[in-house]
Structures are given as C-alpha cells and as structure tokens.
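The values are calculated or read from the model by the stated rules, or taken from the named source; none is laboratory data. All of these numbers come straight from a predicted model, not from anything done at the bench. No Cβ is skipped: glycine too gets one built from the backbone with ideal geometry, and neighbour counts run over all protein chains shown. For accessibility, only protein heavy atoms count, side chains too; no ligands or nucleic acids. Shrake-Rupley method; radii C 1.70, N 1.55, O 1.52, S 1.80 Å.
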Amino acid sequence: MKFENILVTEDQDMANLSLRITLEELQLPRPHHAYYCDHALTMITTALRDGRPYDLLITDLFFQVDGTTKQLPDGIGLIKSAKQLQPDLKILVFSTESRQAAIRRLYDEFYIDGFVRKARGDAQDLKNAIEQIAKNRRYYPRDYRSTATQDNQHAFTTYDKTIIRLLADGYAQKNIPAWLENNDIQPSGLSSVEKRLSLIKKAMGFTKNEQLVLFCKEMGLI
C-alpha cells in the first residue's frame, strides 16, 4: 500500500514542516493541510464526495484555542467523526500526549493505526510509523511497547501464549482443551482455559478474545 492522498491536521508550523520533510523523504505526495479539525472533516467529506478519498490522516490531539467557534475542538473528535465517515481511513496521531492510559484508549476505543510522540527523534519514529501503517500494521510508540505488559500487571506464561496462539490460529475456545490434552499440556480442562483467558483479559483491560489476540500479535508475544 502506498499513500497517495494524505491530510495533515496540525496548527503548529514547526510540526507541519517536520511532517512535510518526513513525507518528502519517504517519497510520498505533498499532503494537504488543515489547521482546524472542522476544516479537516470538511476536507475529508469533500474528498469522499469527489471520489478521491484520503488514505492517511495525520493529526494532533491538542489545538490552540483562538476564540473561534468550533464544533470539533480536538483531535479525538476529529478521529471519531472521520472514522464514522470513512471507516477504512488510516489514522496516525502525532502528539505531545504521554499518558499511557490515554494512548491505549486511542488504540482500543478509537482504532487508530499509529501514535508518535512529539519529542527528540520523532522524525525517525514518523518514518517507521508510516512504513508500518502502509503495510496494514499498527505502530506503537517505543515506550508504550516496552511498558505495556508491566502497566497491565500481567506476565505472559508459556501456557498463556499457547492458548492465545491457538485462538489466533482459528481454534474455537471450546476446542482448545482437546489440543492441549493431545499435546500433554496441563491444565487442559475447558474451565481452566476459560478462567485463564478471563484473568488475562481482566488484567489487560480487554473484554473480547479478539482484542487480546490482536494485542499479543502486535506486541510480538505470539
């Protein structure tokens, strides 16, 4: 996948310049720019109507208040509205946000494709993020990847990884006990598998097996 139509929503000129240089170095087309979230949403709507939809939205979360009336005051509002309009739109957040819980919410609730924190070395992180997203992969910031398991207070055992890998391979949860028993892995009972998955999901803050599988794939745990 190569991005052909990119929209950057950013109200800081230096960040806009950094993004433009990064995209040029990746030999990507020059992006369109919006300084306000409302304007960005209008541009996304117009592009869809004209049959030339954006395939990548890069947006900040925080925008300077300037006294004008805006329906979408921040990047989260833009992300939600853009996803409603165009569910397949790839979204990369470029922000100073550093709270792990807030970053996780962007992935789990708003289904962003990548996050890069504005900081020293962010140009290389932007390149890495865009390259990964172009391959239909989610990109997680380095500090998020390194602390995710610690923050969730769960250390994955070999047993955990085995049952999650079986789910990823398409096994129904009810069929996992037979596989475990055939491979001499204990405990193999359905009750044990269910309790273990429930414990992991609770620790991780997930409600579905699919969320757990996706997280473990993207973190390289399975």
If you check F115 against the conditions, is it surrounded by fewer than 17 Cβ atoms within 10 Å (Cβ to Cβ), among the hydrophobic types (A, V, I, L, M, F, W, C) and either modelled with pLDDT of 85 or more or in a strand (DSSP E or B) (or both)? no
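Suppose we filter segment 1-30 for residues that are of a type in the set (K, R) and outside any helix (DSSP H, G or I); how many remain?
2
Quick one: in segment 168-190, of everything that is part of a helix (DSSP H, G or I) and touching a helix residue (DSSP H, G or I) at 6+ places or on another chain (Cβ under 7 Å), which residue is surrounded by the fewest Cβ atoms within 10 Å (Cβ to Cβ)?
K174
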Unique match (being modelled with pLDDT of 90 or more, under 14 Å from D60 (Cα atoms), surrounded by 15 or more Cβ atoms within 10 Å (Cβ to Cβ) and of a type in the set (D, E)) among D38, D11: D38
Can you pull out the residues in segment 191-222 that are buried (at least 16 other Cβ atoms within 10 Å of the Cβ), within 15 Å of the chain's Cα centre (by Cα) and not hydrophobic (A, V, I, L, M, F, W, C)? E218
Considering segment 71-81 alone, what residues qualify as being under 19 Å from N5 (Cα atoms) and open to solvent by 20 Å² or more (accessible area, probe 1.4 Å)? S81
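Just checking, which of Q100, Q84 is in contact with a helix residue (DSSP H, G or I) (Cβ under 6 Å, 6 or more places away or on another chain), surrounded by fewer than 18 Cβ atoms within 10 Å (Cβ to Cβ) and under 26 Å from V213 (Cβ atoms)?
On the way: Q84 fails: in contact with a helix residue (DSSP H, G or I) (Cβ under 6 Å, 6 or more places away or on another chain).
Going through Q100, Q84 in turn, just one is in contact with a helix residue (DSSP H, G or I) (Cβ under 6 Å, 6 or more places away or on another chain), surrounded by fewer than 18 Cβ atoms within 10 Å (Cβ to Cβ) and under 26 Å from V213 (Cβ atoms): Q100.
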What is the one condition in (1) buried (at least 21 other Cβ atoms within 10 Å of the Cβ); (2) modelled with pLDDT of 95 or more; (3) of a type outside the set (G, A, S) that D50 does not satisfy? (1)
